[in-house]
Structures are given as structure tokens and as C-alpha cells.
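Just below is one structure, and these are the notes that go with it.
Values quoted throughout were computed directly from the atomic coordinates according to the rules given, and no laboratory measurement underlies them. These numbers come from a predicted model, not from an experiment. Cβ coordinates were reconstructed from backbone atoms using ideal geometry, including for glycine residues, and neighbour counts include every protein chain displayed.
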């Protein structure tokens, strides 16, 4: 039973919250009949503010229910539908959209969502990464859900959060300011709260790190060996943008605890991506079996979290992680695109291989070089080698640099190809 007085208080506070300025995010929320829209992402990436911004633009047709609020504590499905009717009556609206924030708080949420879809509502749900995962959405909604991944701020969003609008052309002073912000972005990360609280970054990030480790990883998956779980978690944030060998981790953990821990380590590592704090990409091969058996490359959801455990400021690795996150955001617009890395038997490695359908569309190297002469010749050689291997696809050969821009026809080591060089900031801002 919904307490009407408490509901009235909830609506009053909600109206006040909606009136507060909300910095917009660059994420497309499609409204499709008979489909639920689910926004998932790492903890503290801004899902609730996306919901509030969504409501603000559709105030006359949307009902927002925050299932973590005490007003809806112990509410059942009937109570939720009653609350919607009461809100419609009080606000004199006819709701077309129902937004369920922290949807996992209500029992059998998937049945509630499907019932709303059957009644003709457009349903928008968000959920904590520790309790609602993308694979659960896909399973429970049985093909009736559309997922959007919300990560911490893109560089475009970060600049706006820092009060800098993106001009068509950068003056010298604006470019210098932008490059300083890019440096901060690469070191301190891009959580919205961190971006808005200069000087308090370390305190906030330590809180996030501990919460994700214990709530989203250890508690969520009921991991019994806390020391092993913490080591694995910290190891990932120390070794982003690298190939990882689970066997080596297992051997180390086994020596640390004095017994064979291989099964434990493999099980724990398998759970890590479900926190949405850590991502793995596979080495490209046409054979699915080969892809699954080879080492994977590791990336993290936010670079600021690595500073919590004192990771060194490896600029090249940080740039590569930022490029990966931007490529990952792009999957919201083009879910058919796939992200791999390339490595052959001669150890020629390319940071990213982008595949769409049957076609290899792009090969990307990331380097902290600021001039052509600073670029490691092995990186160019590997790029040209991969370009030749996939020449029937005619992939674009791209090198993302710190601040070097050009386009060259290169002939090295018996290989040749047209290579485009783009500064990281230009690539991130898409200008």
C-alpha cells in the first residue's frame, strides 16, 4: 500500500530536483514501442542524472519512480500501478513513459516491466551495476530490451563539465587550456563527481574504489577469498592496456596463499567484467576457439581509480585506455561493430582492430609521440603488416598521437600503405 502523504512529499522533492541545472550527457535514449530502454554502467557514472534529464524534457508524459525511495519500500506490482494512477491524477497528465530508477529493488522486476510494455507504456529502467547486469536484462526481458552503456565522461563531456565549450577553431590560449584539461583527464579520470569537485578527487576516488571492490565484486558474487579477490582487482587497475595471463595471476595467488588457487582465480577473473569496472578484449582470429583460448587485453572504466593504488603515470597506456573507452561508447550508436586487438606469431601487434560484419574497417595504433620521428618504427611496421594481411578489406590505418598530425604514404620493411596520424584530442573531440 502506497502512503499518499509520503508520495506527495516524494513528488514535491522530485520537482525541486528536476528544476536544478543538470549538465547534459552525450547519450542517445531511443523511444521504441514494445521495447524497454535500459541504461547500465559502472557505479557513479551518472545513471540517475540521465534519468532526471530525460524527465525534464518530457515532464508532461513521464512518470518517474525511484524504487530506492522509502515511499516505495516493500511495494508490490499493484502498488506501483496505483502510484502511477495517483501521480497522473495529481499532475493531470496521461503517462506514456514510465521511468523505473534502481529497478532491481522490486521483486520480479522483469515481470513488472513486461506488464507495462503489454499495457502500451514506454519503459525506461536504470539499475546499479552491482545488482542489475546487462546479461540479466537480455535474459529477463527476452528480447524486449534495448541497452545503453553509460561510462564516465567522454572528453567532450568533461570539457563542458569544466566550463569549456568546444569551439570550431581553437586559439592558442584555448588549445593550451584544453591540453591541460586533457592531461587531468588522463590522470584523474572522468567520473562526473570527480570532475565537479576539484581538489577532492583522491578522497572521492578512494571511496569509489572501495565500494566497487566490496559491493560490486566481492559481495555481489559472494567471493569467499577476500585477499585473492582484492589482489586480482588491484592487479587489473595496475595493468590496464596490457595483455594479461590468468595463469600467471593464478600462480602468484597460489604462492601467496600456500595452495592451488587456479580454479578460484579463473572464477573470480570471469566475474570481473560483470562489475563494468573492468573490460577484456580478445585477440582477433577468425576461429572463435582460438580467440577464447588466447590472452586478452585489459582496460578499466576510469583511469582515476588506478591512482588510488599508486599506479605510475604511463602516458601511452593511459591514452590507449581512453581510446578504448571512446570506441566502447561508439557501440551505443553502432552495436554491430566489434573491438579486438591484433597480434601475429612474429609479435607484430596493433592496439585495436575494428570489425563490422565481415569487414575489417580500421586498424589503430596509439602512441604518446609528438612527432613522426618519435614514433616507434615497430608500431608502424605492425600496422602496415596488419594492413597487408587484411588488404581485401581496405581498412583505414590510423595512428593516434599525443600531438602530431599528418597523412603519409609509407614504405617500410617491404610493406606499404597510407597512414593517417591524428592527435588524441582531435580524435576524442571528433574535429
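Structure data summary
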read-out	value
Rounded tilt (10° steps) of 4-19 against the dominant C-alpha axis of the chain	40
Choice from 349, 282, 20 showing the highest fluctuation, given a GNM over the chain with Cα pairs closer than 10 Å	20
Per-selection Rg to Rh, the stretch 30-146 - Cα, Kirkwood hydrodynamic radius	0.92
Length added when fully stretched, residue 1-residue 32, from 0.36 nm per residue minus Cα-Cα	8.0 nm
Distance between modelled label sites at residue 328 and residue 396, nm, 7 Å Cα→Cβ extension	2.2
Relative packing of peptides 76-83, 21-28 - highest average C-beta neighbours within 10 Å first	76-83, 21-28
Helix 315-330 vs. the chain, principal-axis angle (Cα, 0 to 90°, nearest 10)	50
The chain: antiparallel DSSP beta bridges as a percent of all, rounded to 5	45
Cα long-axis angle, helix 172-188 against the chain (0 to 90 degrees, to the nearest 10)	80
Taking the convex hull of Cα positions in the chain, its mean projected area over all directions (nm²)	23.4
The stretch 225-293: C-alpha pair distances exceeding 17 Å, %	44
The chain - percent relative contact order, Cα under 8 Å, separation 6 or more	12
Cβ crowding within 10 Å averaged over residues, with 240-253, 169-182 ranked highest first	240-253, 169-182
Centroid-to-centroid separation of the stretch 137-189 and the stretch 369-431 [C-alpha atoms, Å]	24
Calculated FRET efficiency for the pair residue 252/residue 378, C-beta based, R₀ 35 Å, to 0.05	0.75
Distance between modelled label sites at residue 406 and residue 89, nm, 7 Å Cα→Cβ extension	7.4
Sequence-separation-based contact order of the stretch 4-150, relative, with Cα cut under 8 Å and 6+ spacing, percent	37
Ranked list, fewest to most other Cβ atoms within 10 Å of each Cβ, for 420, 188	420, 188
Quotient of C-alpha Rg and 2.2 N^0.38 Å, computed over the stretch 172-313	1.19
Distance between modelled label sites at residue 118 and residue 243, nm, 7 Å Cα→Cβ extension	5.2
Sorted by Cβ neighbour density within 10 Å, fewest at the top, the residues 315, 186, 336	336, 315, 186
Three-way shape call for the stretch 341-431 based on the alpha-carbon gyration tensor, with the a/c threshold at 1.5	oblate
The stretch 172-313, relative contact order [Cα under 8 Å, separation at least 6], %	32
Centroid-to-centroid separation of the stretch 48-96 and the stretch 287-343 [C-alpha atoms, Å]	37
